[in-house]
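Working notes, structure below.
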Amino acid sequence: MFIRNESFQSYTRSYPIVTGLIAIHILLFLWMNIFPTLGGNFIYTRGVGYNLFVMMGEYWRLVTPIFLHVSPMHMLFNSFSLFLFGPALEQMLGKSKFIVAYLLTGILANIATLMIGGVEYPPHLGASGAIYGLFGLYLYMVLQRKDLIDSSNGQLVITILFIGLIMTFLNPQINIYAHVFGLIAGLALGPLILQNVQPFNPWAAAARRRERLDDDEIGFDPDRWGKKARNKGRTQKILFAIIGVLVVIGILSRFF
C-alpha cells in the first residue's frame, strides 16, 4: 500500500494529482529561494498564512500556504510523505475526491490556526495540515474501516502518527494547530469521504501497464507482483526504512 514499486513514468501516470502537488512544492520552493527578485518575494508575501491579513479580508491565505515552503527540510518532509502516502488515497478516492479532501483538510487546519492562534500568531506556511489530513483519513480506516487497510499498514500509520505528533510538540517552529486540526479534520471527514470507497488495489497500475505490453513479450512474469507481496521480510525492512527517513528529515528540519 505504501511501498512504491513503480518507475518514474508509471508513477506519474498512475498518480497525476500527487505528482502535480509535489511538483508545485518543488517549483515554488525553488522560485522563492533562487529567484526572490523575479517574483519569489511576491509569492511569499502574498501567499504566506498571516492571520491578521486574513481577518482583513485576504481569505486566499487560508489556501496558498498549503503549497509553500521556505525550509528545504520542511519541503522534503512534506513532499516525501505525500509521495509515499498519497498514491493509495488517490487511487481509492479518485482524482477529484482526493484533491477536495487534500485541500479541505488543509484549509480547515489553517482556519483552526486563525481561530485559535489569533491575530498575533506569526506567519505560517507548509502542506503539513493537508498531509496530516490524509493521515486522519488513514486513522479513520484503522479505527472504523478495517476493510480498507490491513494490519501491517495500519500499524505503520499509527507508528508514524505517534512519532509525528511527538515531533510536533518538540519543534518550536512547527504550527501545532495545523498538524493537530489537520489530523482531526481528516478523521472527522472520514465517514463522508470514504463512503463507498474500495480498498487500494496494488495490481491496478501493473494491470494497466500489462495492457500496453505485447502478449508474447519474453521475460514477463505475470506473478511478479504477487511474489513481491509475499516477501514479508523485505517489506518490513522497507517500512522501517521509511520511518527512519521521515524521522531523520523531521529532526533536520529543526536546524534548516
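Pairs of Cα atoms in region 71-128 fall into 10 Å distance bins, from 0 up to the last occupied one, in shares of 20, 41, 31, 8, 0 percent. Expressed in Å, the radius of gyration and Dmax of the Cα atoms of region 37-98 are 14.8, 42. The slack in the chain from Phe162 to Leu104, taken as 0.36 nm per residue of separation less the alpha-carbon distance, amounts to 18.6 nm. With a cut-off of 14 Å on the backbone N, the residues of region 46-80 near the modelled label site 7 Å out from Asn171 along Cα-Cβ are 69-80.
Pairwise Cα separations in region 95-200 fall into 5 Å bins from 0 onward with the following percentages, short to long: 2, 13, 22, 23, 19, 11, 6, 2, 1.
Rg/Rh for region 1-148 (Cα atoms only, Rh after Kirkwood) is 1.00.
In order along region 175-187, the Karplus-derived 3J(HN,Hα) couplings, from 6.51 cos²θ - 1.76 cosθ + 1.60 at θ = phi - 60°, round to 7, 4, 4, 5, 5, 5, 7, x, 4, 5, 5, x, 5 Hz, and Gly and Pro are given as x.
Seen from Arg46, the other residues with C-beta closer than 13 Å to its C-beta sum to a net charge of 0, counting Lys and Arg as +1 and Asp and Glu as -1.
Every read-out reported here was derived from the displayed coordinates using simple, explicitly stated rules and does not represent laboratory data. What you see is a predicted model; the values in this text were computed from it and never measured. No Cβ is skipped: glycine too gets one built from the backbone with ideal geometry, and neighbour counts run over all protein chains shown.
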